[in-house]
Amino acid sequence: MVRSNKKFLLLIMIPIIAEAVIFLIIPILGTLGISFMDYNPLGHTNSFTGWDNYRKLLEDENFIIALRNTLCFTIFAVGINIVISLTAATMISQLRSNKTRSFFRMMFFMPCMAPMVASAVVWGRSILNTKVGLVNEIIRDMGGDAIAWTGDPSYVMFSVIVFTLWADLGYNIILFSAGIDGIPGEVYEAAAIDGAGPFRKFFNVTLPLLGRTTTFVVLMTLISYFQMFAQFSVLLFKDGPQNSGLVLTSYIYKIAFVNKDMGYAAAISVILFILILIVSLVQRKAGKVDWEY
């Protein structure tokens, strides 16, 4: 009986294992192999170059700019996202009416339902546009001067972060709301009996008991933001002025599909993969929680 159950489990695991091998393991190994080659999909000879592509990274100024912009965007965007989404979820959870809570959650989640590319086009042409954009129209009405949100290196990253937060906050608000709803009400009642106010309840009850949810949300947001591509490609024109909007994903695309240098693009992809892996492991280790409620 036990053997038959094991055979059945192995049988139903075959499609999952096959999918992981075909769409995960083989592409990763293939990318790693190509990164050691001078590979051009249109060329007839693709020679082995060893570590040359990785040595080239250290001398590539655009790679350094893309790496710096990627880290800057991820650190600030993820930090602001977590703070705003957790605050919003906490405030929504304080509402007594289920319909009111559902309404606000729906309102925050609606931008997430729109395709990122379509949202970026709308923002670029009607909200952040220098001449006829909604934001600049408001600034002019207040007596100020129009700002080139996507044309001035000083404002490019700020504009992309604001757009990303608008388009992506809803997911984390829903996840934090689910985590808060899962906290037993008796814990808050005990805190109230001890004389805890709203702020003490949040920092001493809600925040500690959301440890696992917070770890998951931060990890998923970090992985997602390291791979952001659509808004940088659509919202900005040619990676922004002075490459102020150049990130690793857009640089990989440019090297691979414009310059047709697949080997060098694969090397950059491997670096991005390692960077995400290291950050994920560190964050998971730092956010480890060993409690139950």
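The values are calculated or read from the model by the stated rules, or taken from the named source; none is laboratory data. In this text, all values refer to a predicted model and were calculated from it rather than measured experimentally. Note that each Cβ is placed from the backbone with ideal geometry, even for glycine, and that neighbours are counted across all protein chains shown.
Quick notes on this structure:
- Some residue of the stretch 154-163 being more than 19 Å from A230 (Cα to Cα) and at pLDDT 90 or above: yes
- Checked against (1) at pLDDT 90 or above; (2) among the aliphatic types (A, V, I, L, M); (3) more than 14 Å from the chain's Cα centre (by Cα); (4) crowded, with 16+ Cβ neighbours inside 10 Å, V205 passes all but a single condition, namely (1).
- Any chance I139 is out of contact with any Phe, Trp or Tyr (no Cβ under 6 Å at 6 or more places or on another chain) and not in a helix (DSSP H, G or I): no
- Here I193 clears all of (1) without any contact (Cβ under 8 Å) to a residue 60 or more places away in the chain; (2) surrounded by 12 or more Cβ atoms within 10 Å (Cβ to Cβ) except the condition numbered (2).
- Of all the listed residues (L235, L277), the sole one being surrounded by fewer than 16 Cβ atoms within 10 Å (Cβ to Cβ) and at pLDDT below 95 is L277.
- Verdict on T249 being hydroxyl-bearing (S, T, Y), closer than 23 Å to L175 by Cα, assigned to a helix (DSSP H, G or I) and in contact with a helix residue (DSSP H, G or I) (Cβ under 9 Å, 6 or more places away or on another chain): no
- Considering only residues in the stretch 84-96 that are exposed (fewer than 13 other Cβ atoms within 10 Å of the Cβ) and within 14 Å of T206 (Cα to Cα), the one that is modelled with the lowest pLDDT turns out to be Q94.
- Residues in the stretch 102-114 that are loosely packed, with under 13 Cβ neighbours inside 10 Å and touching a residue at least 60 places away in the same chain (Cβ under 8 Å): M110 only.
- Filter pass, K238 being without any contact (Cβ under 8 Å) to a residue 60 or more places away in the chain, part of a helix (DSSP H, G or I) and basic (K, R): no
- Looking across the stretch 58-75, the residues that are surrounded by fewer than 15 Cβ atoms within 10 Å (Cβ to Cβ) and among the hydrophobic types (A, V, I, L, M, F, W, C) come down to L58, I64, C72, I75.
Condition check ((1) farther than 21 Å from F109 by Cα; (2) part of a helix (DSSP H, G or I)) across all residues:
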site	(1), (2)
G143	yes, no
A146	yes, no
P208	yes, yes
L219	no, yes
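- Some residue of the stretch 66-73 being touching a helix residue (DSSP H, G or I) at 6+ places or on another chain (Cβ under 9 Å), over 19 Å from A256 (Cα atoms) and of a type in the set (K, R): no
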